[in-house]
Amino acid sequence: MVCECGGGLGVLEARQGWDDFPWADPLSYVCLDCEAERTFFNSHRDGYDNVMGNGATSMQGEKATTVACPTCNEFKLAVTSDLLYNIDADEIDEELDGSGAFGPSDCFDAINVYANCSKCKERFYVGGWELA
Ligand SMILES: [Zn+2]
Ligand SMILES: [Zn+2]
């Protein structure tokens with residue numbers, strides 16, 4: 001995830017999760033270069049079921065927390081996400097309401113978020129969400 005300013009390192013803000021799922025959404029990212037903040041993933045806003053008006057089923061966290069590297073505790077991270085699609089773009093065009101508010105790229109089925117630590121270089125898994 002690269003900021004509009006070109007900066008590739010930031011601080012990842014999440015919510016406190018649960019035992020086997022340490023970080024919950026919404027996820028936001030603050031660029032270390034320009035300090036711009038944006039919520040790049042919200043399981044109650046994004047993905048196929050939300051775009052289609054089916055509602056969201058996943059639990060969100062309450063308590064804001066800064067994601068730190070599990071190995072060295074550094075919080076300056078490079079964040080990447082993989083969006084998984086299981087859709088046919090033509091079908092999606094028919095299902096979308098035509099307002100142009102959403103496109104096929106908004107209709108992802110799942111997202112996996114990873115972070116690369118700027119200090120020890122460890123790549124770790126932040127979390128994954130199913131949205132269809
Ligand atoms: Zn920036
Ligand atoms: Zn680290």
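Rule-based calculations on the coordinates, nothing more; no lab input. What you are looking at is a predicted structure, and each value in this text was computed from that prediction instead of being measured. Because the Cβ atoms are built from the backbone with ideal geometry, glycine has one as well, and the counts that use them run over all protein chains shown.
Calculate one ³J(HN,Hα) per residue across region 2-13 by plugging θ = phi - 60° into the Karplus curve 6.51 cos²θ - 1.76 cosθ + 1.60, and present them in order as whole Hz with x for glycine and proline.
Coupling constants for region 2-13: 10, 5, 4, 7, x, x, x, 10, x, 10, 9, 9 Hz.
In the chain, which cysteines lack any other cysteine Cβ under 4.7 Å from their own?
If one checks each Cβ against the other cysteines of the chain, C107 turn up with nothing under 4.7 Å.
At M52 and D82, where each label point lies 7 Å from the Cα along Cα→Cβ, what is the point-to-point distance in nanometres?
With each label point 7 Å from Cα toward Cβ, the separation is 2.3 nm.
Once you place label points 7 Å from the Cα toward the Cβ at R15 and D33, how far apart are they in nm?
With each label point 7 Å from Cα toward Cβ, the separation is 3.1 nm.
If you average the sequence gap of Cα pairs under 8 Å that are 6 or more apart and divide by the length of region 11-132, what percent do you get for the contact order? Please list the in-between numbers first.
Details: 242 pairs, mean separation 32.4, N = 122.
Relative contact order comes out at 27 percent.
Could you give me the ³J(HN,Hα) list for region 79-88, computed from phi with Karplus coefficients 6.51, -1.76, 1.60 and θ = phi - 60°, whole Hz, x at Gly and Pro?
Computed from phi, the couplings for region 79-88 are 9, 10, 9, 10, 9, 10, 10, 9, 10, 9 Hz.
Using 0.36 nm times the number of residues separating D106 and H44, minus their current alpha carbon distance, what extension gain do you get? It would help to have the intermediate numbers written out before the result.
On the way: separation 62, 0.36 × 62 = 22.32 nm, distance 1.31 nm.
Residue separation times 0.36 nm, minus the Cα-Cα distance, leaves 21.0 nm.
Can you tell me how much longer the chain between D93 and T71 gets when fully stretched, taken as 0.36 nm per residue apart minus their C-alpha distance, in nm with one decimal? Numbers along the way, then the final one.
Working: separation 22, 0.36 × 22 = 7.92 nm, distance 4.39 nm.
That pair, D93 and T71, stretches by 3.5 nm at full extension.
Give me, ordered by chain and number, the residues 5 or more places off V126 or on other chains with an amide H under 5 Å from its own placed amide H.
Here V113, Y114, A115 satisfy the definition.
Sticking to Cα atoms, compute the Rg of the chain to one decimal and its Dmax as the biggest Cα-Cα distance, whole number, in Å.
15.6, 48
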